[in-house]
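Encoded as structure tokens, the structure appears first; notes follow it.
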Amino acid sequence: MKSLAELEAIRNKTLDQIKMRTNKSGKRVVVGMATCGIAAGARPVMNAFTEELAKRKLSDVSVTMTGCIGVCRLEPIVEIFDADGTKVTYVKMTAEKAARIVSEHIVNGRVCQDLTIGAAEAESK
Amino acid sequence: MRDISLHILDIMQNSTAAKSTLIKVTIQAETQIGLLDVIIEDNGCGMDEEFLSNVTNPFSTTRTTRKVGLGIPLFKASAEQSGGSFRITSRKGIGTVVKSSYVIDHMDRPPLGDIAGVMADTAAAYQAVEFQLVLTSGNKQFNFNSREVEQRLGGVPLAEFAVVQWLREYIGEGLNEIFGGVLNEIVS
């Protein structure tokens, strides 16, 4: 059985690690989690981001959710913000694409152009 | 929506949009009458009577990007198609209560889904909000409170991966404990 006392162990273990984090990337992953996003499968996408980031120990990247981003037909939508506020919008996301974005965009800083909203809009024209 | 946890997530998003500081989710199995109640309460801005009377209409929304809002109508439909009922009450400036009741043994009742993951992730994403989860069945009860966890963590954020992982397991055990043998999707 899990107990709240275990949280103290987590605290002791992670508090030092948090202090050690000097190189803050400040990147943020924001998943659209309104009715449209959820129905299109945003939950597994968010799980994939959290797991992939944890696997690579990228604890300075935060994963959060937001409401409707406004282009429901392209959901699930994920926005990646850099420390300076630049935003890249990825559309029609899947768990597999999430893994690719973590390794290419978040780790190596190369935007996955073919998955962005720009590419999706150009294709539909 | 594939399961009940996704409806809860959707309604909790409404609560955060309504600037709630407290969101309480109650899931209770009333085994004598065979009903499963899912209640989401918040202390957000609430709705006036006019908006409330029309809120289950899919063409009613506060969104400015489009004219449809499907979250509440879908939640209502999921309860009603499984022989249950839906109710929403709200008071401007006080908060909103959304309640869906499902017939446990109805073949169209959606499964609970990943309640633990949804609660853990939402609590991590909205740390300014206090989240409570109450699970009950018969005389058994499980309580979770995000503030209580935060206090124990003393400065470690809820969004820390080790914490989210712990929350998932902790709430998961609560679900097994309370609903094992009651809901057939829970194997304990």
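The values are calculated or read from the model by the stated rules, or taken from the named source; none is laboratory data. Every value quoted in this text rests on a predicted model; they were computed, and no experiment measured them. Quick reminder, even Gly has a Cβ in these numbers, built from the backbone with ideal geometry, and neighbours come from all protein chains shown. Side chains are part of the model used for accessible areas, which takes the heavy atoms of the whole protein and leaves out ligands, DNA and RNA. Shrake-Rupley method; radii C 1.70, N 1.55, O 1.52, S 1.80 Å.
Listing for the model above:
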item	result
Apportionment of accessible area to carbon and sulfur, region B:4-179, percent (1.4 Å)	51
Convex hull projection area averaged over all views, region B:98-188, Cα basis, nm²	6.7
Low-density loop positions, trypsin sites (Lys or Arg not before Pro), region A:33-105 - DSSP coil, at most 10 other Cβ in 10 Å	A:K57
Gained length - B:L35 relative to B:A77, 0.36 nm times residue gap less alpha-carbon distance	13.5 nm
Estimated inter-spin distance, B:T89 and B:E185, nm [label 7 Å along Cα→Cβ]	2.8
Residues in region B:152-188 that a label on A:E6 would reach, taking backbone N under 13 Å of a point 7 Å out along Cα→Cβ	B:162-175
Computed E for A:L15/A:E79 - FRET, C-beta separation, R0 35 angstrom, nearest 0.05	0.70
Mean residue ellipticity (222 nm) of the protein assembly as shown, computed from DSSP H runs ≥ 4 via -39,500 (n - 2.57), nearest 500	-11000 deg cm²/dmol
Diffusion constant of chain A at 4 °C, which comes from Stokes-Einstein with the Kirkwood Cα-pair radius and 1.567 mPa s, µm²/s	83
Solvent-accessible area buried by pairing A with B, both sides, nearest 100 square angstrom, 1.4 angstrom probe	2900
Computed E for A:R100/B:N57 - FRET, C-beta separation, R0 41 angstrom, nearest 0.05	0.50
B:L35 long-range amide H proximity, modeled H, under 5 Å	B:E30, B:I104
Reduced Cα scattering model of the protein assembly as shown, Debye log10 I(q)/I(0), q = 0.06, 0.09, 0.10 Å⁻¹	-0.21, -0.48, -0.59
Above-threshold pairs, the threshold being 30 Å between Cα atoms, out of A:K2/B:K24; A:K19/A:K97; A:K87/B:K19	A:K19/A:K97
Number of partner chain Cβ atoms within 10 Å, mean per residue of A:31-43	6
Pairwise FRET efficiency - A:K92 versus B:K140, Cβ, R0 = 45 Å, nearest 0.05	0.55
Shielding score for B:168-181, defined as the mean number of other chain Cβ atoms within 10 Å	1
